[in-house]
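Here's the structure, in structure tokens; my notes come after.
The values are calculated or read from the model by the stated rules, or taken from the named source; none is laboratory data. Note that the structure is a prediction, hence the values are computed from the model and not measured. Every residue, glycine among them, receives a Cβ derived from its backbone with ideal geometry; neighbour counts consider all protein chains shown.
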Amino acid sequence: MTDHALYRSHNHHDSRPHVVIVGGGFAGISAMESLAKAPVDITLIDRNGYHTFQPLLYQVAAGGLNPGDVTMSFRAIAARQPNVRFRHGNVVQVDTQEQVVTLHDDTKITYDYLFIATGVTANFFGIPGAQEHSHIIYTRRDALATRDHLFSRLETLAQSVGKEGEFNIVVVGGGATGVEVAGAMAEMAVEALPRAYPELDPNKIRVYLVEMGEELLAPFKERIRDYTAAALEKRRVILKLGTAVEEITDDEVVLSDGSHIASKSIIWCTGVTAPEDVKRWQLPQGPGGRVLIDPECRVVGFQNVFAGGDVSADTVEPLPQLAQPATQHGTHVAAQIERLLAGEPLEPFQYDNKGIMATITRNAAVAQLPGGQTGATCPGAGTSTSSSATCTPNKASANISARQTASRGIRAGAPVLMRARPTRKRLGRAGTAGWCGPVCCCSRRPG
């Protein structure tokens, strides 16, 4: 008996189509919830037992949030939807001819429709020592490992007062995640450590941000990029722009300009690639092993296999790897499955860009809306515009609505103080974006 047969016997819907969703991130949860009223049975498969709100993992790594603040049990999510069953496991093989996925324990699950939404992991681009000596922040486990490493290093320094050297934290990558990680680390060094570690000299704790491009936050307009660089430098982050990492050893980072940074604490925040398991599934692949999809979000060459979110690569119009496209992918795939069930033609995916945002520190963030409006918070805005105060499922949160912001008359390129209204929202039909407004940390993903 296959796992699917067991599933049907428990749910008394032997004749209903079976939708298998691999990956419970933004895209997977969005598809699952959008099929809540569809005449299908759904099996959600994930290697973890919990959904992770990935844009806030950097706060877990920096000690600003606990793991439970950014995770939610898949069992709790599935319990709200009668046609869903959660299966904890890692898919190691996909047989598209037999329409079967195989898990790590050799369990086989048949499907009528398959949605691949596994997400991605870090790409080290073959740089010597990068994978061996860097920390990444793609999962809860990664964030906790980074956090444990940083605080273990601090404890070592605290026990060596009088003979301790400098503690350099090197963040690689000047995208949204790199900026947020560098800002959080700098804030930790300046504000939190003097209280928690009074025996340490905060001037000996330095944060470097290394970016091979000439500017930070490349998707943003120049005014926003300049504001971000100035805000980080104000918080004593040392920027190394136009500089690539050549090698990482056990105790230093070697840069393309010939300089060396002594550090055992490197946080890698640049580049993505598909998980190794996905690369072995013999599906059409694009850059970084990501699965190629057609305009309807079907995997190229297949009628009933879809892919979405970061693991997918659009062959016509590449999309930014953000939470917004992932959530919209999930909703679209669910709609296409329902159209197939009804014998209707499929519709192409159309991305609705709601804007992008990046947090710099608790008191500073930047946003850029589709119409060209941009905004930046000012010191004194409080934590209301920070993603550290946004989108956590079990805390009062703050959100910034694109429509609300635009209605306040933000001029293109004008830094403004954006006020957010407090809200507490649950995981809604739109997926994990139900925790917040359309322009917040959901408007991007790590990487």
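Can you tell which of VAL278, VAL333, VAL300 is closer than 18 Å to GLU33 by Cα and modelled with pLDDT of 95 or more? If you could, list the steps in order and put the result at the bottom.
Values: VAL278 fails: closer than 18 Å to GLU33 by Cα; VAL300 fails: closer than 18 Å to GLU33 by Cα.
Only one candidate qualifies: VAL333.
A single member of GLU347, GLU296 is in the same structural domain as TYR113 (by TED's automatic domain parsing), touching a residue at least 12 places away in the same chain (Cβ under 8 Å) and acidic (Asp, Glu), and it is GLU296. For region 262-316, which positions are under 26 Å from PRO348 (Cα atoms), aromatic (Phe, Trp, Tyr) and surrounded by 16 or more Cβ atoms within 10 Å (Cβ to Cβ)? Answer for region 262-316, where residues must be under 26 Å from PRO348 (Cα atoms), aromatic (Phe, Trp, Tyr) and surrounded by 16 or more Cβ atoms within 10 Å (Cβ to Cβ): TRP281, PHE306. Specify which of the listed residues (SER34, SER15) is under 20 Å from THR327 (Cβ atoms), in the same structural domain as THR327 (by TED's automatic domain parsing) and more than 20 Å from the chain's Cα centre (by Cα). Result: SER34 is the single residue among SER34, SER15 that is under 20 Å from THR327 (Cβ atoms), in the same structural domain as THR327 (by TED's automatic domain parsing) and more than 20 Å from the chain's Cα centre (by Cα). Looking only at region 241-260, residues that are over 24 Å from ALA218 (Cα atoms) and buried (at least 16 other Cβ atoms within 10 Å of the Cβ) come to 2 in all. Residues in region 263-273 that are assigned to a strand (DSSP E or B) and among the β-branched types (Val, Ile, Thr) were compared, and the one that is nearest to PHE115 (Cα to Cα) is THR273. For region 13-36, a tally of residues being aliphatic (A, V, I, L, M) and assigned to a strand (DSSP E or B) returns 4. Filtered by the rule that a residue be surrounded by 24 or more Cβ atoms within 10 Å (Cβ to Cβ) and not β-branched (Val, Ile, Thr), region 42-55 gives LEU44, ASP46, HIS51, PHE53, GLN54, PRO55.
Scan region 36-81 for residues that are touching a residue at least 60 places away in the same chain (Cβ under 8 Å) and either charged (D, E, K, R) or over 21 Å from ASP310 (Cβ atoms) (or both) and jot them down.
Quick first cut of region 36-81, residues touching a residue at least 60 places away in the same chain (Cβ under 8 Å) only: 36, 38-40, 43, 45, 48, 50-65, 67-72, 77.
Selection gives ALA36, ALA38, PRO39, VAL40, THR43, ALA62, GLY63, GLY64, LEU65, PRO67, GLY68, ASP69.
Restricting ALA365, ALA358 to those that are touching a Phe, Trp or Tyr at 6+ places or on another chain (Cβ under 8 Å), in a strand (DSSP E or B) and either at pLDDT below 95 or at negative phi (or both) reduces the list to ALA358. For the structure I just gave you, tell me whether THR139 is surrounded by 13 or more Cβ atoms within 10 Å (Cβ to Cβ), within 30 Å of ASN304 (Cα to Cα) and not assigned by TED's automatic domain parsing to the domain that holds ILE337. The answer is yes for THR139. Checking each residue in region 274-304 for being of a type in the set (D, E, K, R) and either within 18 Å of VAL20 (Cα to Cα) or in a loop (DSSP other than H, G, I, E, B) (or both) picks out ASP277, ARG280, ARG290, ASP294, GLU296, ARG298.
Could you tell me whether any residue of region 176-183 is among the acidic types (Asp, Glu), in contact (Cβ under 8 Å) with a residue 40 or more places away in the chain and in the same structural domain as ALA231 (by TED's automatic domain parsing)? Walk me through how you get there before you give the answer.
Restricting attention to region 176-183, the residues satisfying the condition of being among the acidic types (Asp, Glu) are 180.
When the remaining residues are screened for being in contact (Cβ under 8 Å) with a residue 40 or more places away in the chain, the result is 180.
From what's left, in the same structural domain as ALA231 (by TED's automatic domain parsing): 180.
Yes, there is a match, as at least one residue in region 176-183 is among the acidic types (Asp, Glu), in contact (Cβ under 8 Å) with a residue 40 or more places away in the chain and in the same structural domain as ALA231 (by TED's automatic domain parsing).
Determine, yes or no, whether GLU214 is surrounded by fewer than 20 Cβ atoms within 10 Å (Cβ to Cβ), farther than 30 Å from ASP310 by Cβ and not hydroxyl-bearing (Ser, Thr, Tyr). Explain how you work it out, then say what you get.
Details: surrounded by fewer than 20 Cβ atoms within 10 Å (Cβ to Cβ): yes; farther than 30 Å from ASP310 by Cβ: no; not hydroxyl-bearing (Ser, Thr, Tyr): yes.
Judged against the criteria, GLU214 is not a match.
VAL181 - would you say it is in a helix (DSSP H, G or I) and under 22 Å from the mean Cα position of the chain (by Cα)? Yes, satisfied. The conditions of being over 18 Å from VAL20 (Cα atoms), under 27 Å from the mean Cα position of the chain (by Cα) and surrounded by fewer than 16 Cβ atoms within 10 Å (Cβ to Cβ) are not met by GLN321. Residue count for region 150-178 under the criterion of being farther than 21 Å from THR52 by Cα, not in a loop (DSSP other than H, G, I, E, B) and not polar (S, T, N, Q): the result is 12.
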